[in-house]
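No lab work stands behind these numbers, since they all come straight from the coordinates. Not measured: the values here are computed from a predicted model.
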Amino acid sequence: MKMFIKLSVASVSGAVVYLIYTVNQTLRKGMGTLEETNRTLEEVRNAVHGLTLESKQLIHSANQITADVKGKMENVDPLLESAQDVGEMIHNVTNSMKEASLEGRPSAPSTRTEAGGVQIKLK
């Protein structure tokens, strides 16, 4: 019976040693995986940081281009307004000439002694 107890204690001791060895190997593999994960996260952080800097530069460039285009549009606005004014003036002259030519027709007797004038609107 003593032999049976000694054999049982030896078996339990062997099982505990094997269990400790297996747990140790598992923990080492887990540590390796964690180290690899940390390296990957560091690479991702560096990549994101690089992209962030590039994005900031791109946004800054886009803001400069937008400001430049806006300034140029403000410079062109008076030119477009002048073109519109010229178009309105030509339209008014054309309408006045049409009215004058219709008034000067011989088909309708005119009692008017005043000559019709052309009005030009200037801004």
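Which whole-Hz couplings ³J(HN,Hα) result when phi for each residue of the stretch 27-32 is put into the Karplus expression 6.51 cos²θ - 1.76 cosθ + 1.60, θ = phi - 60°, listed in order with x for Gly and Pro?
After applying 6.51 cos²θ - 1.76 cosθ + 1.60, I find 5, 5, 5, x, 5, x Hz.
Computed from the mean reciprocal separation of all distinct C-alpha pairs, what Kirkwood hydrodynamic radius does the stretch 1-80 have, in Å? Please list the in-between numbers first.
Values: mean 1/r = 0.0517 Å⁻¹.
When all Cα pairs of the stretch 1-80 are included, the Kirkwood radius is 19.3 Å.
First obtain the Kirkwood hydrodynamic radius of the stretch 55-108 from its Cα pairs, then insert it into the Stokes-Einstein equation at 20 °C and 1.002 mPa s, and state the resulting D in µm² per second as a whole number. Display every interim value, and only then the final one.
Working: Rh = 15.0 Å.
Rounded to a whole number, D works out at 143 µm²/s.
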